[in-house]
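Everything on this sheet refers to the single structure shown next.
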Amino acid sequence: MDIPLQVSFRNMDRSEAVEARVREKAEKLEKYFDHLTSCRVVVEAPERRHHKGKLFHVRIELGVPGKDLIVNRHPKDKHAHEDVYVAIRDAFQAARRQLEDHGRKLDGKVKTHDVPLHGKVARLFLDEGYGFISASDGREIYFHKNSVLSEGFDKLEVGKEVRLVVAERESAEGPQASTVEPIGKHHLVERSP
């Protein structure tokens, strides 16, 4: 393993066999992400005052460029974690998944779901059958009553939030919505990159 590995034990004596298993699992992590800068593992036995079975707790801190990934497996109801080797296996499986996810994010292979174009009705001309939407991208978009789904044109009012699809060709009034769908309050969440 090219990266420095630190293994420590809490509430238990150091075990060469447990440390060897941790080293073996840590070496395999480099297959999933080859830019690890550090790896710290804490194997902890429960305090002696617990009456139920001893559930081991394994914490792994992985240094990757620009951040740390932390696996903090709390055994709570996992009776399999009465076996320290099972606790180590499960913690390193979680670490592997985090490294794979981190690698996919860096490679741009994580699917992102773009928020559909949306906005608010800015002006409405009910008698003439059209209106304008102040879109989330800053444009003002013209729409005709025929573009409103579910015969909802008569239910629209200024300030109402809508999703929209902009037609490829502009109308005489500028960009035009081909589809307008009224939506409820808590419909969209924009995530910053």
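The values are calculated or read from the model by the stated rules, or taken from the named source; none is laboratory data. Quick caveat: nothing in here was measured; it's all calculated off a predicted structure. All Cβ positions, even for glycine, are placed from backbone atoms using ideal geometry, and neighbour counts span all protein chains on display.
Residue by residue, here is whether (1) charged (D, E, K, R); (2) surrounded by 13 or more Cβ atoms within 10 Å (Cβ to Cβ); (3) touching a Lys or Arg at 6+ places or on another chain (Cβ under 7 Å); (4) at pLDDT 85 or above holds:
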| site | (1), (2), (3), (4) |
| --- | --- |
| Asp34 | yes, no, no, no |
| Val43 | no, yes, no, yes |
| His51 | no, no, no, no |
| Arg73 | yes, yes, no, no |
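Of all residues in region 114-127, those satisfying the criterion of being over 17 Å from Gly174 (Cα atoms) and free of Cβ contacts under 8 Å to residues at least 40 places away in the same chain are Asp114, Leu126, Asp127. Scanning region 107-133 for residues that are outside any loop (DSSP other than H, G, I, E, B), surrounded by 13 or more Cβ atoms within 10 Å (Cβ to Cβ) and either out of contact with any Lys or Arg (no Cβ under 8 Å at 6 or more places or on another chain) or at pLDDT below 90 (or both) gives His118, Gly119, Ala122, Leu124. Scanning region 134-166 for residues that are part of a strand (DSSP E or B) and without any contact (Cβ under 8 Å) to a residue 24 or more places away in the chain yields a single hit, Ser134. The condition (being modelled with pLDDT under 90, acidic (Asp, Glu) and surrounded by 11 or more Cβ atoms within 10 Å (Cβ to Cβ)) is satisfied by just one residue among Glu190, Glu181, Glu168, Glu173: Glu173.
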